[in-house]
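Below is one structure; the comments refer to it alone.
The values are calculated or read from the model by the stated rules, or taken from the named source; none is laboratory data. Predicted model only: the values in this text are computed from it and were never measured. Using ideal geometry, Cβ is built from the backbone for each residue, glycine included, and neighbour counts are taken over all protein chains shown. Remember, those area values only see protein heavy atoms, side chains included, never the ligands or the DNA or RNA. Shrake-Rupley method; radii C 1.70, N 1.55, O 1.52, S 1.80 Å.
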Amino acid sequence: MDTFRIVELFQKKYGKQPRLFKAPGRVNLIGEHTDYNDGFVMPMAIDRWTIVAGTPREDSKVNVTSITLDKSVSFDLNKPGEPKRGEWYDYVEGVAQALLKSGATLRGADFIIDSNIPIGAGLSSSASIEVAIGFAFLVLSNLPIDRIKLALAGQNAEHNYVGMNCGIMDQFISTLGKKNHALLIDCRSLDYKTIKLELSDFLFVICDTRVKHKLSSSEYNIRRQECEKGVKILRKILPNIKALRDVTFSEFNCHANILPVNVQKRCKHVIQENLRTVQAAEAFSKGHLGMLKELMAASHRSLRDDYQVSCKELDVLVDLASFQNGVTGSRMTGGGFGGCTINLVNKSNVQEFKASICKEYFAQTQINPEIHVCEPSDGACEII
Ligand code: GLA
């Protein structure tokens, strides 16, 4: 991503040479809606970033300009504003407040933010803002970077400032992502394994439906509550469980009848998706592409029918992908209700895939999709 524009703007506005930081967006290969159930996820960071240019200040004031939104705001680290204002800077002030709460002594700063991650497409543009800004705050305050704590501060900003009770996946991969790898993350212990993406013939192709249904954040919080309800009821029979992660599929089958129907469906998805994610990590490692294709298809069906977070546009894209040559897996990715699908497509078929998906998707929805070929990338860093 070109940094010339942001540096030039910074120099014009503040008369100084800024330091530059970046944090990537992400795509989740498999393990959807499992993170807040203490389960497993397998995302990769993508080569699309939020870039932050910044210099420290002598006082506690923070000035932030977003190039993408063409908006600016100022706030004071010592006078936290109202949370949950529904504003773009909730992410910025939220992460600052979370870092302060965790004991970091932050300096005020002047920031300009730029990004090439599509906003609202489910590629974690917001997590990447939290991580890039948090990273910048820490470095400009001469503090060490603890990547896991930084991810937790981003999640804390979502919970307390934005009002989205998200899991840890997006912020975690944006801080800890690794080039040419996905991470298999255990969202309970926060341990992770790097999974080499040995797919020399395949490319990661993200298809953006270009719809974002309004339901997404309210339904997300409802799904989370339904899972918690499932745990509460199942605990009467399985007293040692703390989260759906602890319920085996055979235990679930034995006791599913004590759950209300919708809760039953949500639990079924989560328990099976955890199994699929661990299997997919193995399939990736061993290059078992046929198995991967099956697991991704099963994940999509389960998100559509049991977890009920897909939508017509996502289903159209996944259906269309199933008729294309050279596709080894396609599923919705991220929270759902719009956003993107992730597809593994043979290099030699990518052009034909793009052309055909664009044409057919438009014919069925009257929307032009956005298609991005992405590479697994490193997590947040300073650009030197
Ligand atoms: C959103 C959340 C994540 C995760 C996914 C669904 O991206 O931010 O924590 O729950 O949805 O897998």
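Some observations on this one:
- Per-region count, the range 1-25, residues open to solvent by 10 Å² or more (accessible area, probe 1.4 Å) and either within 15 Å of the ligand (Cβ to nearest atom) or assigned to a helix (DSSP H, G or I) (or both): 9
- Scanning the range 156-169 for residues that are more than 8 Å from the ligand (Cβ to nearest atom), open to solvent by 10 Å² or more (accessible area, probe 1.4 Å) and within 11 Å of Glu130 (Cβ to Cβ) yields Asn156, Tyr161, Val162.
- Tally of residues being within 16 Å of the ligand (Cβ to nearest atom), among the small types (Gly, Ala, Ser) and open to solvent by 10 Å² or more (accessible area, probe 1.4 Å) across the range 125-143: 2
- Arg304 vs. criteria at pLDDT 95 or above, basic (Lys, Arg) and part of a strand (DSSP E or B): no
- Hits in the range 167-208 - residues which are closer than 22 Å to Ser330 by Cα, β-branched (Val, Ile, Thr) and in a helix (DSSP H, G or I): Ile173
- Every residue from the range 29-47 that is crowded, with 24+ Cβ neighbours inside 10 Å and in a strand (DSSP E or B): Leu29, Ile30, Phe40, Val41, Met42, Pro43, Met44, Ala45, Ile46
- Screening Ala136, Ala98, Ala132, Ala127 for residues that are modelled with pLDDT of 95 or more and more than 30 Å from Leu197 (Cβ to Cβ) leaves exactly one candidate, Ala98.
- Residues (open to solvent by 80 Å² or more (accessible area, probe 1.4 Å) and not aromatic (Phe, Trp, Tyr)) located in the range 188-211: Arg188, Asp191, Lys193, Lys196, Glu198, Ser200, Asp201, Arg210
- Failed item, numbered, when Leu29 is tested on (1) modelled with pLDDT of 95 or more; (2) more than 15 Å from the ligand (Cβ to nearest atom): (2)
- Meets criteria (within 16 Å of the ligand (Cβ to nearest atom), at pLDDT 95 or above and open to solvent by 30 Å² or more (accessible area, probe 1.4 Å)) for Arg331: no
- Condition broken by Val278, with the remaining ones in (1) surrounded by 19 or more Cβ atoms within 10 Å (Cβ to Cβ); (2) in a helix (DSSP H, G or I) satisfied: (1)
- Ile237 vs. criteria out of contact with any Cys (no Cβ under 8 Å at 6 or more places or on another chain), closer than 19 Å to Gly39 by Cβ, surrounded by fewer than 18 Cβ atoms within 10 Å (Cβ to Cβ) and not aromatic (Phe, Trp, Tyr): no
- Failed item, numbered, when Arg304 is tested on (1) in contact (Cβ under 8 Å) with a residue 60 or more places away in the chain; (2) among the basic types (Lys, Arg); (3) open to solvent by 50 Å² or more (accessible area, probe 1.4 Å): (1)
- For Lys214, the requirement of being surrounded by fewer than 16 Cβ atoms within 10 Å (Cβ to Cβ) and modelled with pLDDT of 95 or more is not met.
- Subset of the range 336-360 that is part of a helix (DSSP H, G or I) and among the hydroxyl-bearing types (Ser, Thr, Tyr) - its residue that is most open to solvent (accessible area, probe 1.4 Å): Ser348
- Residue selected from the range 96-123 under the condition open to solvent by less than 10 Å² (accessible area, probe 1.4 Å) and touching an Asp or Glu at 6+ places or on another chain (Cβ under 7 Å), by the criterion farthest from Thr68 (Cα to Cα): Gly108
- Every residue from the range 33-50 that is under 29 Å from Met1 (Cα atoms) and within 11 Å of the ligand (Cβ to nearest atom): Val41, Met42, Pro43
- Residue match in the range 212-219 (condition: farther than 21 Å from Val327 by Cα, touching a residue at least 60 places away in the same chain (Cβ under 8 Å) and in contact with a Pro (Cβ under 8 Å, 6 or more places away or on another chain)): no
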